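Every number in this text was worked out from the coordinates using simple rules, so none of it is lab data. Predicted model, so just to flag it, every value in this text is computed and none were measured. All Cβ positions, even for glycine, are placed from backbone atoms using ideal geometry, and neighbour counts span all protein chains on display.
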Amino acid sequence: MIDSAVYDYLLIGGGIVGVSTALQLKQRFPAARILLLEKEADVACHQTGHNSGVIHAGVYYEPGSLKARFCREGSQATVEFCRQHNIPFQRCGKLLVATSPVEVERMDALAERCLRNQIAVEPVSAGQLKTLEPNIAGLGALLVPATGIVDYRQVTAALLEQFASLGGEVLFSAQVTGLYEDETMIEVCCGSSRFRGRFLVSCAGLMADRILSLLGIDADFRIVPFRGEYYQLPQIYNEIVSHLIYPIPDPELPFLGVHLTRMIDGSVTVGPNAVVGWKREGYGRINFSLRDSFANLSYPGFWKVMRTHLRSGLNEMKNSLWKRGYLQEVRKYCPQLGLNDLRPYPAGIRAQAVRADGSLVHDFLFADSPRSLHVCNAPSPAATSALPIGAYICDKVAEQSG
């Protein structure tokens with residue numbers, strides 16, 4: 001079936017970045033006909049709906065990077081959007097806890113980075129930490145008051161509702177199987193259905209490289225999925241902390257480490273770790289896709305990443321398979337937890353863009369053709385940053401499409 005209508009903008013991807021972009025395109029160009037295509041039956045089914053729900057302040061990010069800028073702007077924009085649409089959120093703050101002398105030294109460097117990123121931060125002594133969080137042990141901490149929590153599924157649903165109210169169109173269960181572009185039009189195939197538009201924006205997350213390949217665009221990266229495995233604490237521990245509790249990260253490693261996260265529903269989760277995913281959209285305990293596994297194993301960049309981070313990768317894998325090892329990661333700062341306190345909880349999958357030389361893409365990455373723009377890498381904190389990312393994409397679309 002070929003849709004006879006010609007859309008001004010077609011969008012691929014119903015995660016929070018895609019929906020934010022669709023809404024802001026509609027707000028910027030009210031008369032434009034815009035269609036959002038999502039392969040699942042609802043929005044926020046993948047990275048958006050499987051993250052920790054944190055409204056990040058932007059502590060860790062390289063000053064001057066898009067990631068640092070978007071996170072700082074996005075934190076406030078997310079809170080304002082939640083207030084406008086009566087979406088529950090809390091600004092509970094985050095404590096980054098040092099449990100060794102080395103981490104105390106790293107904590108000082110993090111405090112300096114916070115200042116450079118214009119983020120309010122307060123040093124906390126061991127005694128003050130015990131007052132703030134009686135169940136947490138540490139040599140000191142950094143308090144980041146701006147950090148909060150929210151349900152990003154609710155945020156995405158509200159963005160979509162606003163998009164639809166302005167006349168935007170959305171089609172679910174529409175998996176993209178082909179893309180064709182000429183001098184005047186771009187066509188998107190979803191099985192037997194075809195949709196034509198003047199410009200395409202792809203926010204495909206875990207499938208970003210595969211959507212790019214449908215247009216024959218050369219990409220110097222591949223998406224390598226990393227599973228973030230979580231546990232949930234029993235309900236009796238819902239008040240175990242009043243802040244989010246994070247370790248001081250090792251600057252040599254790409255991920256932040258296991259932390260305690262208060263969720264907006266009142267529960268507390270432990271995690272995530274970071275292990276290689278053998279299925280891009282596999283959220284259960286055991287997941288395997290032949291296609292996704294072959295994509296990893298046949299890519300030189302994958303092996304170079306594994307070699308670079310061999311020691312930490314083996315440790316992450318050990319703790320994934322051995323629950324007691326995982327427990328030790330959180331007992332460093334919360335020693336009262338036991339093995340039976342770690343209850344099953346769905347995993348998340350991080351879409352990590354990796355270059356052929358094995359380097360991880362840490363900032364936002366885009367690619368384009370004459371009639372398309374592709375978000376190739378939208379790293380954490382993409383959910384926090386979705387509103388300024390959407391505005392940035394709209395600027396690029398306006399510039400590129402004339």
task: Convert 25 °C to kelvin, take the viscosity as 0.890 mPa s, use the Kirkwood radius over C-alpha pairs of the range 194-308 as Rh, and evaluate the Stokes-Einstein diffusion coefficient in µm²/s, rounded to a whole number.
output: 142
query: What fraction of the DSSP beta bridges in the chain is antiparallel, stated in percent and rounded to the nearest 5?
result: 70
- line: So for R0 = 41 Å, FRET eff. of Ser369-Thr308 from the Cβ-Cβ r, to 0.05, ends up at 0.80
Descending principal axes extents, the chain, alpha-carbon based, whole Å: 67, 47, 38
field: Calculated FRET efficiency for the pair Gln128/Asp108, C-beta based, R₀ 22 Å, to 0.05
entry: 0.85
task: Would you order Phe288, Phe172, Phe81, Phe70 from fewest to most other beta-carbon atoms within 10 Å of each residue's own beta-carbon?
output: Phe288, Phe172, Phe81, Phe70
- line: Quick calc: nm separation of the 7 Å Cα→Cβ label points for Lys323 and Gln84 -> 4.5
statement: Tyr152 neighbourhood, Cβ < 14 Å, K/R = +1, D/E = -1, net charge -2
- line: Length gained if Gln118 through Ala32 is fully extended, taking 0.36 nm per residue and subtracting the Cα-Cα distance, is 27.2 nm
- request: List Lys130, Lys279, Lys94 from most exposed to least, where exposure is judged by having the fewest other Cβ atoms within 10 Å.
  value: Lys130, Lys279, Lys94
message: Quick check: the angle from helix 66-84's long axis to the longest principal axis of the chain, C-alpha only, nearest 10 degrees?
response: 90
message: Could you work out [θ]222 nm for the chain from helices alone, using -39500 (n - 2.57) per DSSP H run of at least four and dividing by all its residues? Round to the nearest 500 deg cm²/dmol.
response: -10000 deg cm²/dmol
task: Treating the angle as unsigned and between 0 and 90°, give the value, to the nearest 10°, between the Cα long axis of helix 16-28 and the longest Cα principal axis of the chain.
output: 50
field: Between the range 1-56 and the range 239-265, the Cα center-to-center distance that results, in Å
entry: 30
- line: Once the in-chain neighbours fewer than 8 apart are removed, the lysines whose Cα is under 23 Å from Lys26 read Lys39, Lys396
statement: Over the range 259-402, the quotient of the Cα radius of gyration and 2.2 N^0.38 Å is 1.28
Listed peptides 7-17, 156-166, 178-188 by packing density, highest first (mean Cβ within 10 Å): 7-17, 156-166, 178-188
message: What are the extents of the Cα atoms of the range 92-143 along their three principal axes, in Å, largest first?
response: 31, 27, 12
query: Any idea which of Leu256, Ile55, Gly271 is furthest toward the positive side of the dipole for the chain, if Lys and Arg beta-carbons carry +1 and Asp and Glu beta-carbons -1?
result: Gly271
statement: Contact order relative to length for the range 109-207, counting C-alpha pairs under 8 Å separated by 6 or more residues, stands in percent at 13
field: Sum of side-chain charges, Asp341 neighbourhood, beta-carbon under 13 Å (Lys, Arg +1; Asp, Glu -1)
entry: +4
- request: Give me the distance between the Cα centres of the range 127-141 and the range 362-401, rounded to whole Å.
  value: 40
query: Using alpha carbons only, how many degrees (0 to 90, rounded to 10) separate the axis of helix 310-321 from the longest principal axis of the chain?
result: 80
- line: Length-normalised contact order of the range 214-369, Cα under 8 Å, at least 6 apart, in percent, tallies to 36
